[in-house]
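One structure is given below, encoded as structure tokens.
Since every read-out is calculated from the coordinates, none of them should be taken as a lab result. If you're wondering where the values come from, they're calculated on a predicted model, not measured in any experiment. Counting neighbours? That spans all protein chains shown, and the Cβs are built from the backbone with ideal geometry, glycine included.
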Amino acid sequence: MLQNKIAIVTGGSRGIGKAIVLELASMGADVAFNYLKSKDAAEAVKQEVESMGRKALIFKADVKRLVDVKKMIENIKEELGGLDIVVNNAGIIRDKALILMEEQDWEDVILTNLSGAFNVVRTAITGFMKQKHGNIINITSVAGVKGASRQVNYSASKAGIIGLTKALAKEVGSYNIRVNAIAPGYVDTDMMKGLKDLHRDELIKRIPLKRFGTAKEVARLTAFLASNRSRYITGQVILIDGGLAM
Ligand code: NAP
């Protein structure tokens, strides 16, 4: 489905990003990805991609820093020969009630989740427009659609991603560039590890399918949006949440 396509996935060392890297590679893509701290984990993902017979490139690059992102994308084009698919996945949480939220908690989350995605699309878009094709998939969240308590910073960043997705889809559709967002509900990754068992059980009661999602399930949806099978879909926010947001 993605034979000889070249993709970048931000935050590919762990969790959903790692699953996306592996899924895209299993569909035939060469994949570049970055990480912030988890060097060993990133090396292990790279080896898994290579064991599938695909090329992998890894970068220690902070999505908050436009210079890092520019260097990374230049490098990908030189080493892999182009760029077709962008997956903006890197994200963080700093959950707190607003009354306790520090300016730093707000800034870290907005700069990573929202400005990070801007930095990547801003850098990739010129090449996509010149080549007259490109595919951008942004990982948002149910929190960005519905809002989540103790997540004013995170919900705002993820709602911002939805605005970015829709605006950009309108702006560049005529260049054969598609832009979509995926909004997961609760997915079992390190991000969810802080949850106490009791809280987790309470959350599960609210999910019609009565379980958290898996990173692989999100990765499969990403691969569908990255492929030609979804070629008439753009500007959409697709929820993958076991029915949570209904
Ligand atoms: P995770 O397990 O905490 O992994 C986060 C990934 O992002 C890691 O690879 C991390 O790199 C990378 N990262 C963080 N800050 C970065 C930065 N400044 N520059 C580059 N890379 C950075 O999180 P996850 O659960 O897989 O979440 C992935 C995405 O899905 C996020 O956007 C999240 O908001 C969204 N999401 C998650 C859930 C959920 O329930 N898990 C639900 C809805 C949406 P290091 O390994 O180096 O730290």
* Please list, in chain and number order, the residues 5+ apart from V179 or on another chain whose amide H is under 5 Å from its amide H, with Hs placed from the backbone. => I136, G235
* Structure fact -> Note, the stretch 131-143: 3J(HN,Hα) by Karplus (6.51, -1.76, 1.60, θ = phi - 60°), whole Hz, Gly/Pro = x, goes 7, 6, 6, x, 9, 10, 10, 10, 8, 9, 6, 4, 4
* Find how much the distance from L195 to S149 grows on full extension, using 0.36 nm per residue of separation minus their present alpha carbon separation; answer in nm with one decimal. => 15.1 nm
* May I ask you to evaluate 6.51 cos²θ - 1.76 cosθ + 1.60, the Karplus curve with θ = phi - 60°, for each residue of the stretch 179-194 and list the ³J(HN,Hα) values in order in whole Hz, giving x for glycine and proline? => 9, 9, 10, 10, 10, x, x, 7, 10, 6, 8, 4, 4, 9, 5, x
* Asked: FRET efficiency for Q3 and K132, Cβ-Cβ distance as r, R0 = 22 Å, nearest 0.05?
  -> 0.65
* To do: Whole Å is fine, so just give me how far the alpha carbon centre of the stretch 213-246 lies from that of the stretch 1-80.
  => 20 Å
* From phi via Karplus (6.51, -1.76, 1.60), per-residue ³J(HN,Hα) for the stretch 100-113 in Hz, x at Gly/Pro -> 9, 6, 8, 4, 5, 5, 5, 5, 4, 6, 5, 5, 6, 6
* Relative to the longest principal Cα axis of the chain, at what angle does helix 66-80 sit, 0 to 90 degrees, rounded to 10? -> 40 degrees
* Rounded, prolate or oblate (a/c below 1.5 giving rounded, otherwise prolate when a/b exceeds b/c) for the stretch 100-153 by Cα gyration tensor -> oblate
* **Placed amide H near V187: partners under 5 Å, 5+ positions off or other chain** => G213
* Structure fact -> In degrees, nearest 10, the alpha-carbon axis of helix 15-26 is tilted away from the dominant principal axis of the alpha carbons of the chain by 30 degrees
* Asked: Based on the alpha-carbon gyration tensor of the stretch 168-246 and its eigenvalue square roots a ≥ b ≥ c, which shape applies: rounded if a/c is under 1.5, prolate if not and a/b is larger than b/c, or oblate?
  -> prolate
* Structure fact -> Descending packing, highest mean Cβ count within 10 Å first, for 131-142, 184-195 is 131-142, 184-195
* Structure fact -> Sorted by chain and number, the residues with a modelled amide H under 5 Å from that of F59, at a separation of 5 or more or across chains, are F33, N34, Y35
* Structure fact -> Pseudo-spin-label distance K216 to K96, built 7 Å along Cα→Cβ, given in nm, is 3.8 nm
* Distance (nanometres) between label positions extended 7 Å along Cα→Cβ at E171 and E79 -> 2.8 nm
* Roughly what angle does helix 215-226 make with the longest principal axis of the chain, taking Cα atoms, 0 to 90 degrees, to the nearest 10? -> 40 degrees
* Ordering of 24-36, 5-17, 96-108, 155-167 by burial proxy (mean other Cβ atoms within 10 Å per residue, highest first) -> 5-17, 24-36, 155-167, 96-108
